[in-house]
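Report on one structure; see the data block that follows.
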Amino acid sequence: MKRLSGIVPCYNEEENIVDFYQEFMKNEAFFKEKEIELELWYINDGSRDCTASEVKKLVQKDSRVHLLSFSRNFGKEAAIYAGMEKAKGDYVVFLDADLQDPPSLLPEMYRYLEQGYDSVATRRVTRKGEPPVRSFFARIFYRMMKKISKTEIMDGARDYRLMTRQVVDAILSMPEYNRFSKGIFGWVGFETKWLEFENIERKKGETKWSFWKLFLYSLDGVTAFSTAPLAFAAFMGVLFCLAAFALIIFTIVRKAIFGDPTSGWPSLVCIISLISGVQLFCLGIVGQYLAKTYMEVKRRPIYLVKEEI
Ligand code: UDP
Ligand code: MG
């Protein structure tokens, strides 16, 4: 008998635990026919509500359900990583607890694995129900990433993915601290089938991602999968050197031909503030990479476990 492990990161999702379980287990018959048993890992990412006790009730009723509680909120990326380490399945799938990743899609996804794909990924083609500002910046982010990163990062890609053990092991072999799964999935490669679906709004509770949190996450994505900003900093340096050089020539020639004394301190002030602004900006870019490197070098664990059932 083979096994399929569902990994569900949960952060304050008490209302969704049972609903999700029921939806997920609706696939039981389909997978039984294929001689695959289901297993479910709820990764409790430091929830402050009754998420843990809701899962414990399920664990008592059904031995296929497991709970892993973190010592605090480590973020969804850490939860996904922990789930992969714990899951025993020959196939692994990540799903959101809020049912925005419809478990009813699983049989279709599995059929593609049967056809020989290593992983089946999903993307939403619409963003209906999402604040327009958020969609706008998300679009810009994906368009920019396409240009500055060699790793394929699909617009609208969700973390909802079904993959074989081989792919899971490949991802686990990347123990980096700053995790950006959308990039990691692309980086490991393998034959991936993309399924598309319309955005589904969250069933209960509310989103855990504020605009600010998403913004920082997008910076993680950029620094983790592109060094283009560093090249940009170098490019700006060269550009300003050239401009300065041209200005020097211009000033010398003007002095030689017209005997003009160099005049005007307002222009000087403008130039100095512009250039120091650019310098600080570029220094900031370098600082971002340095900070990420610093965090990596510390080799802190990605998550800490409080309880495992
Ligand atoms: N999540 C998590 N840790 C966090 C934030 C979110 O484990 O720090 C989980 C959350 O419980 C949910 C999934 O990640 O199962 C997606 O979060 P959410 O639905 O809030 O994001 P959205 O769908 O709005 O992008
Ligand atoms: Mg959601």
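The values are calculated or read from the model by the stated rules, or taken from the named source; none is laboratory data. Everything quoted here is computed from the prediction, not taken from an experiment. Positions of Cβ are generated from backbone atoms using ideal geometry, with glycine treated the same way; all protein chains shown enter the neighbour counts. For accessibility, only protein heavy atoms count, side chains too; no ligands or nucleic acids. Shrake-Rupley method; radii C 1.70, N 1.55, O 1.52, S 1.80 Å.
Tell me, what is the per residue accessible area of the chain in Å², probe radius 1.4 Å?
Heavy-atom SASA per residue in the chain reads 55 Å².
If you take the beta carbon distance between PHE211 and PHE258 as r and set R0 to 51 Å, what does 1/(1 + (r/R0)^6) give as a FRET efficiency, to the nearest 0.05? Walk me through the numbers before you get to the answer.
Values: r = 55 Å, r/R0 = 1.08.
In this case the efficiency is close to 0.40.
On alpha carbon coordinates alone, what is the Rg over Rh value for the chain, Rh being the Kirkwood radius?
1.14
I'd like the distance separating the alpha-carbon centroids of region 150-221 and region 223-298, in whole Å.
Cα centroid to Cα centroid, the span is 36 Å.
What lysines sit close enough to LYS56 to cross-link, taking a C-alpha to C-alpha distance under 30 Å and skipping anything fewer than 8 places away on the same chain?
Answer for LYS56, where 30 Å is the Cα cut-off: LYS2, LYS26, LYS32, LYS34, LYS76, LYS86, LYS88, LYS203, LYS204, LYS208, LYS213, LYS306, listed by chain and number.
Computed FRET efficiency, Cβ-Cβ of LYS146 and ILE309, R0 51 Å: what is it to the nearest 0.05?
0.75
GLN22 versus GLU196, label points 7 Å from Cα toward the beta carbon: distance in nm?
Each label point lies 7 Å from its Cα, and together they span 3.2 nm.
Please report the projected area of region 179-309's Cα convex hull averaged over all directions, in nm².
16.2
Can you pull the Rg over Rh of region 9-70, Cα-only, Kirkwood?
Rg divided by Rh gives 1.01.
Kyte-Doolittle cut-off -1.0, length cut-off 20 Å along the helix's own axis using Cα: show which whole DSSP H helices in the chain pass.
Helices passing the filter in the chain: 132-148, 211-225, 228-258, 265-298.
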